[in-house]
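I have placed the structure first, in the form of structure tokens, so that the comments after it can refer back to it.
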Amino acid sequence: MTTKIAIIDDHQLFREGVKRILEFEKSFQVVAEGNDGSEALGIVKENRPDVVIMDINMPHMNGIEATRELVEKYSETKVIILSIHDDENYVTHALQTGAQGYLLKEMDADALIEAVKVVAEGGSYLHPKVTHNLVKEYRRLAAGHANGGGTAVQIIEIRRPLHLLTRRECEVLQMLADGKSNRGIGEALFISEKTVKNHVSNILQKMNVNDRTQAVVVAIKNGWVEVR
């Protein structure tokens, strides 16, 4: 099956770079490009892409506003937000409008391709750095709630899920929580990216979750990983 993609970004050179990366994947087809959010609505109406890659900061209509309208009118089209901002407020706002993915513009090619595949299949994808920041904020809020809203740090005993995962998979899960990409995990553990991907797939299957973001959230809730 071919995944049809539209790219909306007001910087032509960046759009061209994203398009070139996507065209390396045989199952991807870039069907349209646009300069701002207002164009995105017409592009989706005419081309009905499966995934829209949307810049967050654009003139006339920004990516957040455009995403909100697209999700309301064309619910079958999935949106991945592109941004330079890794602040949890930006991420939360984007997800609340209905975006299924959030990527930082510092992403590598593998992350972009993986994000499109995951989102096209109905999952969600957050840039590893964004995931790490959200996890830290989640832990901070959870600690404050457990301490009556105070600022004292909640001490949580970390218990690796060796009943569910292998020791190597536990290491990979921890590095996902640390915000490392597949390449970063491979370099840290001296294994190939392909091997990392296999470990991540096994982790998702064993934990019965759809994507790495859900895996990290579940791991945090169960005290399986540290937030560093």
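The values are calculated or read from the model by the stated rules, or taken from the named source; none is laboratory data. Treat the numbers as computed from the prediction; the structure is a model and nothing was measured. Positions of Cβ are backbone-derived with ideal geometry, glycine not excepted, and every protein chain shown enters the neighbour counts. Surface accessibility is based on the protein's heavy atoms, side chains included, excluding ligands, DNA and RNA. Shrake-Rupley method; radii C 1.70, N 1.55, O 1.52, S 1.80 Å.
Before moving on, here are some points about what is shown:
- Gly34 meets all of the listed conditions (1) out of contact with any helix residue (DSSP H, G or I) (no Cβ under 6 Å at 6 or more places or on another chain); (2) more than 19 Å from Val118 (Cα to Cα) but one, namely (1).
- Residues satisfying the criterion are absent from segment 78-99 (criterion: at pLDDT 90 or above and open to solvent by 60 Å² or more (accessible area, probe 1.4 Å)).
- Scanning segment 119-135 for residues that are at pLDDT 80 or above, more than 12 Å from Asp86 (Cα to Cα) and among the hydrophobic types (A, V, I, L, M, F, W, C) returns Val119, Ala120.
- Residues (closer than 22 Å to Ala120 by Cα, at pLDDT below 85, open to solvent by 40 Å² or more (accessible area, probe 1.4 Å) and assigned to a helix (DSSP H, G or I)) located in segment 180-228: Gln214, Val217
- Residues within segment 20-31 that are in contact (Cβ under 8 Å) with a residue 12 or more places away in the chain and either over 14 Å from Leu112 (Cβ atoms) or open to solvent by less than 60 Å² (accessible area, probe 1.4 Å) (or both), tallied: 8
- Yes/no for Ala111 being in contact (Cβ under 8 Å) with a residue 60 or more places away in the chain, more than 11 Å from the chain's Cα centre (by Cα) and either surrounded by 18 or more Cβ atoms within 10 Å (Cβ to Cβ) or on the phi > 0 side of the Ramachandran plot (or both): no
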